[in-house]
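Worksheet for the structure shown next.
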Amino acid sequence: MLRYISYVFVVTILFANSLLANEDVYYKINKSFNIQGAVFNELLNGYVVDLDPEILMRAGIEGMISSLDPYTEYFSEKQLQDVDFLSSGTYSGLGITVGVHDSMLIIVDVRHGYPAQKSGLKIGDYIYKADSNVVINKNSTELREFTKGEPGTELFLTVIRKSLNTNDTLQVNVVIENIKLPNVPYSGFVNDSTGIIILERFTKDSYKDFRDAFNKLSSSKKLKNLVIDLRNNPGGLLEEAVSICELFLPSNSLIVTTKSRENEVLYEYISRQIPLDTNVRLAVLINQSSASASEVVAGAIQDHDRGLVIGQQSFGKGLVQSVVSLPYGGNLKITTAKYYTPSGRCIQRIGFAEQYADSELKIQAIVDSTQFQTKNGRIVFESTGIKPDSTVTPRESQDLIYDMNMKQVFFDFANQYATSLRLNKTEFVPEKSYESFLKYLKEVKYDFKFRYEEDLDEINSELDKQGLKSASSTKIIEQLKAELAKKDEQLIKNLREDLTEILEYEIYRRSMNEEEFYSFIMSRDNYVKSAVSLMSNNTYKTLLRREND
């Protein structure tokens, strides 16, 4: 009897504590609402100048969201088209991608067959005016306010086109259209037995477009190896990624799991279809910009040992977003769960949780101790995105090439070179472009500094602060800097082959349509070369086996 009473007593205490905890949470929520409302009201009624309540509320919303992960966002009714684009891949506009260079908007990509290309706009054109609006010191988001609108609306652009010798100002009339970006911009063969499918995004119809591309390749009866290129693919619709995995994984294979903040399983995505092909060798290409749904595909293929993942470590975005409708047409894209690969790995990089961890040592311990196994028993880790089975070092990792990219040297030269010669694909001679590039570097006074040169400046400055600087120390440092300066020219000569290929890439991008460009460039791509090499020999099977086998 006493034991029964004690059990009842314990249960009663636990239930009471649970109620108190819930009441404490509800009290905090109610208190926070009241404080926020009071602050909002006092600012509107008592601030020294009149405030716009909508702008003030938006600032408050963004303040709340800024303390969370970078993917939780608020969209107003006007921004709804941007939300729709994430799922449909369709928007109204001109068919261009813009960046900012020298405080001006510059066109960095032109889609073939759309208004901008049909109106004669080119990569490298600077946009000075949109109708009567000067767009200097604007960002790409602000430009969207001018370029989006009802299809059929005419837009007058003033652009500046630079060549090696002159700058031309052009007036261009462009008609806004509905733009449907291709999910699969290219598919084809890179050699007799290896096909490639480039998938740029996971929007509606991505699965259908991918499947159609695969069927076209496999119908040739010569397809033995397939490269799935997910580089720079930011993700999108999870269901499309799952369906693509189903093409290659056996029925009833776990593809991805979503879990709540309490680590409870929300949903397990399991392949239900009969796969199209379980024998073709697969290589999935990823880089640091492959995220979300791209990582779901790469993780599933890797964990089931269905193919190799090649390239660089992926972005590590393992968070699930849901779009919630709010009053007055607003929308909230909120993070509601996390992705886990079939082996149980969380795709999300550990960096998201750093603010909640006790120390960097704790984070490192989590990464080092959390091991998982693929179907064949290979060791894989979580909290790092997807780590490739075979790494490809990009050219950009070279200090000189990285510096040139950051200073847009290749981009600017290619714009001016292509414009000056009015190039087409049959007129381009790589060797001539390389010689012109060397002249261009001298004309623009390009200056590359080794990282060590900055260290020498710091040493010199520190010696001066400590009163240890002398004529001899200064002379030694200057001699070292002069010696490093001589190495610049030698470094450029050593990288001649890489530089020439980069120039080829940039210039052909300005003289070919997408189909021609991809067809030409894929056979020269280092990632693709690596995939073709690995799939054509026994290394493929070796990498997919357990390490101790």
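The values are calculated or read from the model by the stated rules, or taken from the named source; none is laboratory data. Because the structure is a prediction, the values reported are computed rather than measured. Cβ coordinates were reconstructed from backbone atoms using ideal geometry, including for glycine residues, and neighbour counts include every protein chain displayed.
Taken over segment 319-328, the criterion of being touching a strand residue (DSSP E or B) at 6+ places or on another chain (Cβ under 9 Å) and either in contact (Cβ under 8 Å) with a residue 40 or more places away in the chain or among the aliphatic types (A, V, I, L, M) (or both) is satisfied by Leu319, Val320, Gln321, Val323, Val324, Leu326.
Among the residues of segment 283-307, how many are out of contact with any helix residue (DSSP H, G or I) (no Cβ under 6 Å at 6 or more places or on another chain) and touching a residue at least 40 places away in the same chain (Cβ under 8 Å)? Of the residues in segment 283-307, 14 are out of contact with any helix residue (DSSP H, G or I) (no Cβ under 6 Å at 6 or more places or on another chain) and touching a residue at least 40 places away in the same chain (Cβ under 8 Å).
Selection of segment 465-492 for residues being among the aliphatic types (A, V, I, L, M) and in contact (Cβ under 8 Å) with a residue 40 or more places away in the chain yields Leu491, Ile492. Per this entry, Gly307 is not counted among residues that are crowded, with 22+ Cβ neighbours inside 10 Å and at pLDDT below 95. What do you reckon, is Lys78 modelled with pLDDT under 90, closer than 30 Å to Glu150 by Cα and basic (Lys, Arg)? Against the criterion (modelled with pLDDT under 90, closer than 30 Å to Glu150 by Cα and basic (Lys, Arg)), Lys78 qualifies. Annotation note: of Ser92, Ser119, the sole residue that is among the polar types (S, T, N, Q), within 14 Å of Val174 (Cα to Cα), over 23 Å from the mean Cα position of the chain (by Cα) and buried (at least 16 other Cβ atoms within 10 Å of the Cβ) is Ser119. Note on segment 323-349: among residues that are in a loop (DSSP other than H, G, I, E, B) and of a type in the set (A, V, I, L, M, F, W, C), the one that is farthest from the chain's Cα centre (by Cα) is Leu326.
Report whether or not Phe448 is at pLDDT 80 or above, part of a loop (DSSP other than H, G, I, E, B) and under 30 Å from the mean Cα position of the chain (by Cα). Judged against the criteria, Phe448 is a match. If Lys221 meets every condition in (1) surrounded by 22 or more Cβ atoms within 10 Å (Cβ to Cβ); (2) under 26 Å from Asp525 (Cα atoms) apart from one, which number is that one? Exception for Lys221: condition (1).
Here the condition is being touching a His at 6+ places or on another chain (Cβ under 8 Å) and at pLDDT 95 or above; of Leu249, Leu254, it holds for Leu249 alone. Consider segment 515-549 and keep the residues that are among the charged types (D, E, K, R) and closer than 20 Å to Ser290 by Cβ. The one that is modelled with the lowest pLDDT is Asp525. Among the residues making up segment 298-347, those that are among the polar types (S, T, N, Q) and under 23 Å from Glu62 (Cβ atoms) are Gln321, Ser322, Ser325, Asn331, Thr335, Thr336. Does Lys208 meet the test of being out of contact with any strand residue (DSSP E or B) (no Cβ under 9 Å at 6 or more places or on another chain) and assigned to a helix (DSSP H, G or I)? Criteria met by Lys208.
Can you name every residue in segment 159-176 that is more than 29 Å from Ser436 (Cβ to Cβ) and surrounded by fewer than 18 Cβ atoms within 10 Å (Cβ to Cβ)? Scanning segment 159-176 gives Gln171, Asn173, Val175. Thr158 falls short of the stated requirement of being of a type in the set (Val, Ile, Thr) and without any contact (Cβ under 8 Å) to a residue 24 or more places away in the chain. Within segment 166-205, the set of residues being in contact (Cβ under 8 Å) with a residue 40 or more places away in the chain, of a type in the set (S, T, N, Q), within 30 Å of Thr153 (Cα to Cα) and part of a strand (DSSP E or B) comprises Thr169, Asn173, Asn178.
Residues in segment 234-244 that are under 16 Å from Gly318 (Cβ atoms) and outside any loop (DSSP other than H, G, I, E, B): Gly236, Leu238, Ala241, Val242. Ile286: buried (at least 22 other Cβ atoms within 10 Å of the Cβ) and not polar (S, T, N, Q), yes or no? Yes; evaluated as a whole, the condition is true for this residue.
Beta carbons closer than 9 Å, at least 6 apart along the sequence or on distinct chains, pair a first residue in segment 55-68 that is under 17 Å from Pro327 (Cβ atoms) with a second that is aromatic (Phe, Trp, Tyr) and in a helix (DSSP H, G or I) for Leu56/Phe40; Met57/Phe40; Gly60/Phe40. The residue that is surrounded by the fewest Cβ atoms within 10 Å (Cβ to Cβ), among those in segment 494-531 that are among the basic types (Lys, Arg) and either outside the structural domain of Gln416 (by TED's automatic domain parsing) or touching a residue at least 40 places away in the same chain (Cβ under 8 Å) (or both), is Arg496.
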